[in-house]
Amino acid sequence: MKFGGTSVGSAEQIERVAEIVIKQRAATPALVVVSAMATITNALEDASRHAASRQRSGLDKATQHIRTLHQDTMRALHVSASTSSSVNEKIDELEQMLESVYALGELSPRAHDLLLSYGEQLSSRLVAAAIAMQGSVARAISATDLIVTTDRHGAAQPLLEQSTAGAAGSLLPILEAGTIPVVTGFIGATADGVTTTLGRGGSDYSATILGYCLDASEVHIWTDVDGVMTADPRLIPEARTVMELSYSEAAELSYFGARVLHPLTMTPASLKDIPIYIKNTLRPEGHGTCVSRTASPGDSPIKAITSINHASLITVQGESRIGVPDVAAKVFEALADAGVDVLFASQASSDYNISFVVHQKDDERAVKLLTARLKAELSEHSIDAISLRSALAIVAVVGDGMHGNPGIAGKVLSSIGDASINVVAIAQGSSERNISVVIDEGEAARAVQSIHDVFIGGKQHGK
Ligand code: ADP
Ligand code: ASP
Ligand code: MG
């Protein structure tokens, strides 16, 4: 059972989480995975950045927030003296580490991961304490002792087989003894014991990694919405809960911006066919969404519409078709080496160019990298230019039911056209499970609304 940042965001929420866990535990042994309290990972990011750039006031403000929120929460929960001193010790440790970063004026990716890990180290102690206060036995456990990862700081990948032996070995006896383990989400450690993080939003991934290691029968992701919805409910208020999704639909949706699940969450679960239920901590009785291999198609070929803002389109423009495959190989190799995520790529056969979309934060780095890697081609003029267009969005329409269902792409494009939105680029995955369009960022909300109206909203498919 994984609980997200909002679900553990206050004393009241943490008490609610404890109730949900204890109720579940009465039926089946359960392992709990927690995120940092809402706002804390961002505060840790701020504190790290301000420490590294020696900005005293920014650093103090962020650490003050971290200390105050945890202390206020402990006071409201009436935790024991031993919990309180263990939490305060961790905060002191964190502040000392930030002072070292401040003194050095330098922050390595390794130190950054270690600093970010404190949010979950703190919240797991609070949640374990709240469960204990409601009469069950619980123990806070650090995933650095359970999940073995690669050393790619900021986006470490779990080594599933290596993790299984250790995680099962330490967790199963705890579960069998009737204790509820409360494990830190988001983090792991290399085989040498160096703390790593799985990427922002990674606690969902931690839950399915541990589900895999323990051969769990189900993974429950508890969050602040009723499940995966037909669109981001903050954008489209009439969005509805999707009852069932296949692993690939859920992976595609999260990859294209549905923040409710980390994009890699589905991988460990699908390897062992473990169903994932997404549920609302505030409405535990609701049905939620079930993600599994055997999801039913639903009544629309489209399950949901997502969007990613702050995207940039990079185009490598050639002079002739000669060498295009070679250039494509170099482009994607260079970006992969540098860890730049390519969100979308298209290559028109009549055009001598390759276009692809990256997150805007990576765009300048990507262009520099490509300019260096394609130096020979640029000087020989087999490539004319590498151009960049920013402030774009990708809107993606996802559903297994699109496969072999003609006319969907046309309908998607006409719904965007009807809203007078200009399409910059289009791609359809060969799985026919996804159609993505690139548009100006300012138009994203309207595009999602327009597609939602046509495929899901009240009129055609209303229930
Ligand atoms: P948690 O802290 O529980 O991990 P997140 O904030 O990471 O929660 O994810 C939940 C949020 O994801 C929701 O509040 C919602 O705004 C956003 N979201 C975006 N797209 C969707 C979608 N298609 N369905 C549900 N939620 C979505
Ligand atoms: N606390 C981490 C984050 O904010 C992980 C998570 O919430 O899933 O990114
Ligand atoms: Mg999340």
Within segment 303-318, identify whether any single residue is farther than 26 Å from Y247 by Cβ and not in a strand (DSSP E or B), and answer yes or no. no
For E285: the one exception among (1) within 16 Å of ligand 2 (Cβ to nearest atom); (2) surrounded by fewer than 22 Cβ atoms within 10 Å (Cβ to Cβ): (1)
Given the conditions (1) at pLDDT 95 or above; (2) surrounded by fewer than 21 Cβ atoms within 10 Å (Cβ to Cβ), every one holds for C213 apart from (2)
Within the group A11, A36, which residue is modelled with pLDDT of 95 or more, more than 20 Å from I174 (Cα to Cα) and touching a Phe, Trp or Tyr at 6+ places or on another chain (Cβ under 9 Å)? A36
Here are the criteria: (1) of a type outside the set (D, E, K, R); (2) more than 29 Å from P268 (Cβ to Cβ); (3) touching a residue at least 40 places away in the same chain (Cβ under 8 Å). Tell me which single one I305 does not satisfy. (2)
Of all residues in segment 225-234 being within 14 Å of ligand 3 (Cβ to nearest atom) and not aliphatic (A, V, I, L, M), which is surrounded by the most Cβ atoms within 10 Å (Cβ to Cβ)? G227
Hey, could you check segment 180-215 for residues that are within 30 Å of S108 (Cβ to Cβ), assigned to a loop (DSSP other than H, G, I, E, B) and of a type in the set (A, V, I, L, M, F, W, C) and say which is farthest from ligand 2 (Cβ to nearest atom)? A191
Suppose the filter is within 16 Å of ligand 2 (Cβ to nearest atom), closer than 25 Å to Q449 by Cβ and either buried (at least 21 other Cβ atoms within 10 Å of the Cβ) or not aromatic (F, W, Y) (or both); does V242 pass it? no
I'd like to check something: does segment 256-266 contain any residue that is away from ligand 2 (no atom under 16 Å from the Cβ) and surrounded by fewer than 23 Cβ atoms within 10 Å (Cβ to Cβ)? yes
Hey, any hits in segment 216-224 for a residue that's on the phi > 0 side of the Ramachandran plot, surrounded by fewer than 24 Cβ atoms within 10 Å (Cβ to Cβ) and either outside any loop (DSSP other than H, G, I, E, B) or under 16 Å from the mean Cα position of the chain (by Cα) (or both)? no
Test each condition in (1) over 15 Å from Y102 (Cβ atoms); (2) away from ligand 2 (no atom under 16 Å from the Cβ); (3) among the charged types (D, E, K, R) for K61 and report the one that comes out false. (1)
I'd like to check something: does segment 47-66 contain any residue that is within 30 Å of L171 (Cα to Cα) and either among the acidic types (D, E) or within 26 Å of the chain's Cα centre (by Cα) (or both)? yes
Restricted to segment 288-297 and to residues being surrounded by fewer than 22 Cβ atoms within 10 Å (Cβ to Cβ) and not in a strand (DSSP E or B), the residue nearest to ligand 3 (Cβ to nearest atom) is A295
Answer yes if at least one residue in segment 236-255 is within 19 Å of the chain's Cα centre (by Cα), assigned to a loop (DSSP other than H, G, I, E, B), more than 16 Å from ligand 3 (Cβ to nearest atom) and more than 15 Å from D400 (Cα to Cα), and no otherwise. no
If we scan segment 52-60, do we find a residue that is among the basic types (K, R) and within 19 Å of L115 (Cα to Cα)? yes
T144 vs. criteria in contact with a helix residue (DSSP H, G or I) (Cβ under 8 Å, 6 or more places away or on another chain) and either crowded, with 16+ Cβ neighbours inside 10 Å or part of a loop (DSSP other than H, G, I, E, B) (or both): no
L264 passes all but one of the listed conditions (1) within 22 Å of V448 (Cα to Cα); (2) in a loop (DSSP other than H, G, I, E, B); the exception is number (1)
Can you tell me which residues in segment 225-235 are away from ligand 2 (no atom under 16 Å from the Cβ), in a loop (DSSP other than H, G, I, E, B) and touching a residue at least 40 places away in the same chain (Cβ under 8 Å)? D226, G227, T230, A231, D232, L235
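The values are calculated or read from the model by the stated rules, or taken from the named source; none is laboratory data. Values in this document were obtained by computation on a predicted structure and should not be read as measured data. Neighbour counts are summed over all protein chains in view; Cβ atoms, including those assigned to glycine, are modelled from backbone coordinates with ideal geometry.
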